[in-house]
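Okay, so here's the structure we're looking at.
The values are calculated or read from the model by the stated rules, or taken from the named source; none is laboratory data. Keep in mind that this is a model prediction, so the values were computed, not measured. Because the Cβ atoms are built from the backbone with ideal geometry, glycine has one as well, and the counts that use them run over all protein chains shown. Quick note on the areas: whole protein, heavy atoms, side chains included, nothing else; ligands and nucleic acids left out. Shrake-Rupley method; radii C 1.70, N 1.55, O 1.52, S 1.80 Å.
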Amino acid sequence: MSRPVFQEAVDLIATVAEVTVWPEETPPPYDRLRAEAREADGLFCLLTDRIDESLLDDAPRLRVVSNMAVGYDNVDVNAASRRGIYVGNTPGVLTETTAEFAFALMLAFARRIPQGDRMVREGRWKTWGPMTLLGSDLRHATLGIVGLGRIGQIVAAMARGFEMRVVYCSRTRKPEIETRLGIEYAPTLEALLAQADYVSLHVPLNPETRRLIGEAQFGVMRPNAVLINTARGEVVDQQALVAALESGRLGGAALDVADPEPMAPNDPLLKLDNVLVTPHIASASRATRLKMATMAAQNVVDVLEGRRPTHCVNPEAGGGR
Ligand code: DGY
């Protein structure tokens, strides 16, 4: 296990295997992880661990890589499949928690909550001010949702509760969900960007979505539009984002993810007042992280007991070697 997690998850794996846990709060260096994987039948890892072909090549016993995340862009899944190694993830259990956080970012940005908190702490709250920290209403604003998977759908439902207009784009159109939630389909990403006041990203990171939002896309966004990212930092061209914000082309950004992570304290984004950044915590409610940890542990147990992981991203791996 590549990081300390809930004891429940450790205990679960310990029912079928001897468990070694990397004891630090920061990820094991790649070479250390690789050395540990060399001896292991199963690997419980996190999105901060790079599980590449070379590591897998050097791990002759390995039968399962279980990522404690729904995203698995840190794992070379094709390389794992070719070696008969199952890859597990944790879908479903973090959907609402992550959607709530995307919404929290949007509200915090719109109503200038971080600026208000800073003002009070820094002793700048002198009186009730009729012009103090004026923000924007979400009601009647247009939210563009990029990717209408599990999380995107819950964000859409929440937005409808706030009486926002919701437009989405997605690889496949979803008419039944459009009708049920009262949301509109945009046939292209550009069509969505041209009409949204808030754009919230809910796509997995893969070759098609890497740098999906760059200079050209910022160019068609509405002036004053706000980008919300709880997906992966690499979905956005961060240099282009800085340029769009510095030129005043964009209203702002609220980001729970960055490229790279962690974001350096001197990152140009952190010099801008219209940027809100959190440290990749959208799924970080206690209950959800416990579910993610036990689900990822169960995926390991499944394989070590001779079954396919309950939540498997490469059933074609076929198990074992
Ligand atoms: C995931 O699961 O992919 C998130 O980024 C972390 O919860």
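Glu234 passes all but one of (1) closer than 20 Å to Leu46 by Cα; (2) not in a helix (DSSP H, G or I); which number fails?
If we test Glu234 against (1) closer than 20 Å to Leu46 by Cα; (2) not in a helix (DSSP H, G or I), just (2) comes out false.
On the basis of being closer than 24 Å to Arg112 by Cα, modelled with pLDDT of 95 or more and buried (at least 23 other Cβ atoms within 10 Å of the Cβ), does Ala157 make the cut?
Criteria not met by Ala157.
For the range 16-37, which residues satisfy the criterion of being among the basic types (Lys, Arg) and in contact (Cβ under 8 Å) with a residue 12 or more places away in the chain?
As a first pass, look at the range 16-37 and keep what is among the basic types (Lys, Arg): 32, 34.
The one that is among the basic types (Lys, Arg) and in contact (Cβ under 8 Å) with a residue 12 or more places away in the chain: Arg34.
Please work out if Leu304 is touching a strand residue (DSSP E or B) at 6+ places or on another chain (Cβ under 7 Å) and away from the ligand (no atom under 14 Å from the Cβ).
Answer is yes for this residue.
When the residues of the range 103-137 are narrowed to those that are within 26 Å of the chain's Cα centre (by Cα) and without any contact (Cβ under 8 Å) to a residue 24 or more places away in the chain, which ends up nearest to Met158 (Cα to Cα)?
Ranking the candidates gives Ala104 first.
From Leu138, Leu143, grab the single residue that is in the same structural domain as Arg232 (by TED's automatic domain parsing) and part of a strand (DSSP E or B).
Answer to the selection: Leu143.
Inside the range 160-183, can you point out the residues that are in a loop (DSSP other than H, G, I, E, B) and under 26 Å from Gln115 (Cα atoms)?
Phe162, Glu163, Met164
Does Leu133 fit the bill of being more than 16 Å from the ligand (Cβ to nearest atom), assigned to a loop (DSSP other than H, G, I, E, B), surrounded by fewer than 16 Cβ atoms within 10 Å (Cβ to Cβ) and of a type outside the set (Gly, Ala, Ser)?
yes
Let's see how each residue does on (1) open to solvent by 10 Å² or more (accessible area, probe 1.4 Å); (2) aliphatic (A, V, I, L, M); (3) touching a strand residue (DSSP E or B) at 6+ places or on another chain (Cβ under 6 Å):
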site: Val166; (1), (2), (3): no, yes, yes
site: Thr179; (1), (2), (3): yes, no, no
site: Gly182; (1), (2), (3): yes, no, no
site: Leu193; (1), (2), (3): no, yes, no
site: Ser200; (1), (2), (3): no, no, yes
site: Glu208; (1), (2), (3): yes, no, no
site: Val220; (1), (2), (3): yes, yes, no
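Can you name every residue in the range 302-318 that is within 22 Å of Asp57 (Cα to Cα) and open to solvent by less than 30 Å² (accessible area, probe 1.4 Å)?
Of everything in the range 302-318, those that are within 22 Å of Asp57 (Cα to Cα) and open to solvent by less than 30 Å² (accessible area, probe 1.4 Å) turn out to be Val303, Pro309, Asn314, Ala317.
Could you tell me which residue of the range 246-287 is farthest from the ligand (Cβ to nearest atom), considering only residues that are under 16 Å from Pro114 (Cβ atoms) and in a helix (DSSP H, G or I)?
It comes out as Lys271.
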